[in-house]
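The values are calculated or read from the model by the stated rules, or taken from the named source; none is laboratory data. Just so it is clear, the model here is predicted, and its values are computed rather than measured. Reconstructed Cβ throughout: ideal geometry from the backbone, glycine too, with neighbour counts over all protein chains shown. Heads up: the accessible areas ignore ligands, DNA and RNA and are worked out on the full protein's heavy atoms, side chains in. Shrake-Rupley method; radii C 1.70, N 1.55, O 1.52, S 1.80 Å.
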Amino acid sequence: MTLPTFRFAPSPNGALHLGHACSALLNARLASQTGGRMLLRIEDIDTTRCTPEFEAAIYRDLEWLGIRWEMPVRRQSEHFADYREALDRLIAEGLVYPAFMSRGEIRAFIAQSGKKWPHDPDGAPLYPPADKALSERERKRRMAEGAPFAWRLDVAAALDRIGNSLYWEEFTDETLTATHRIEAEPQSWGDVIVARKEVPTSYHLAVVVDDAIQGVSHVVRGRDLYLATSVQRLLQELLGLPAPRYLHHRLILGPDGRKLSKSFRDTGLAALREAGVTPAQIAARIDM
Ligand code: GLU
């Protein structure tokens, strides 16, 4: 029998705050209650923003909270070959295309269209269809010239490929006793980036590849990633990866009612620790 497998997957591009504590403590508690495994994954594909100092601080903060995890820790920056393999499959199957437009060119394209342009759930305009229509020859020519590009998922082709409606199973609450089916709507994000010219992955691709390789059965993370699940389910289907079940937990909000960010000094775990706050007080403050 395979054990329920949970993971906490922070990016070492800033200091952990109360929101991270909530996620990490919830994963650890559910792993322990179900007799399952607790994994820690360091999501450091963005080598320009992630630092060894932030990574070391993650271990310190989690240990201080009393969280234990299996070793070795999977660090995404050590597994680009795994993501490359998944990307190559998507390329070979014609499900991704090189997208050459800069932000400025996207803006200009949209302005010229004179249309009311759709935006993704984060408020960014959907990627224009122009590059999808380029001939193979033109793509090769631009790539050979060294033009900057990103690999984008052709969402229409991807949905055609799977042919069915796409769902995920979301737990109704932290007891993990029941789930309900949520219809995935990856088209709301348009043709998302799945890799960059120099980096053979994006957040979405690395997450689905890693969750599969690590045998993650329960993805427990904040509600800020709820809508990202649509894209990740689509990639899982395209790559033939198993679908974990999901629990998107409430977010810890700042005093101003807004989502916490890594730059909020007063809710950073290290800052709270230095101010004499105890792990028990942290757990009480986030109602864990
Ligand atoms: N690395 C992501 C973050 O720090 C979380 C990824 C996930 O839980 O799927 O927001």
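The table that follows gives values for the structure above.
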read-out	value
Residues located in the stretch 147-194, provided they are of a type in the set (Phe, Trp, Tyr) and more than 13 Å from Gln232 (Cα to Cα)	Phe149, Trp151, Phe171
Qualifying positions in the stretch 92-111 - over 19 Å from Pro125 (Cβ atoms) and open to solvent by 20 Å² or more (accessible area, probe 1.4 Å)	Ala92, Glu93, Gly94
Those residues of the stretch 163-181 which are open to solvent by 30 Å² or more (accessible area, probe 1.4 Å) and either within 16 Å of the ligand (Cβ to nearest atom) or not in a loop (DSSP other than H, G, I, E, B) (or both), in sequence order	Tyr167, Glu169, Thr179, His180, Arg181
Hits in the stretch 218-239 - residues which are out of contact with any helix residue (DSSP H, G or I) (no Cβ under 9 Å at 6 or more places or on another chain) and farther than 18 Å from Gly190 by Cα	Arg223
Tyr226, sole failed condition from (1) open to solvent by 40 Å² or more (accessible area, probe 1.4 Å); (2) within 12 Å of the chain's Cα centre (by Cα); (3) within 21 Å of Ala157 (Cα to Cα); (4) without any contact (Cβ under 8 Å) to a residue 40 or more places away in the chain	(3)
In the stretch 229-277, the residues that are among the polar types (S, T, N, Q) and open to solvent by less than 60 Å² (accessible area, probe 1.4 Å)	Thr229, Ser230, Gln232, Gln236, Ser261, Thr267
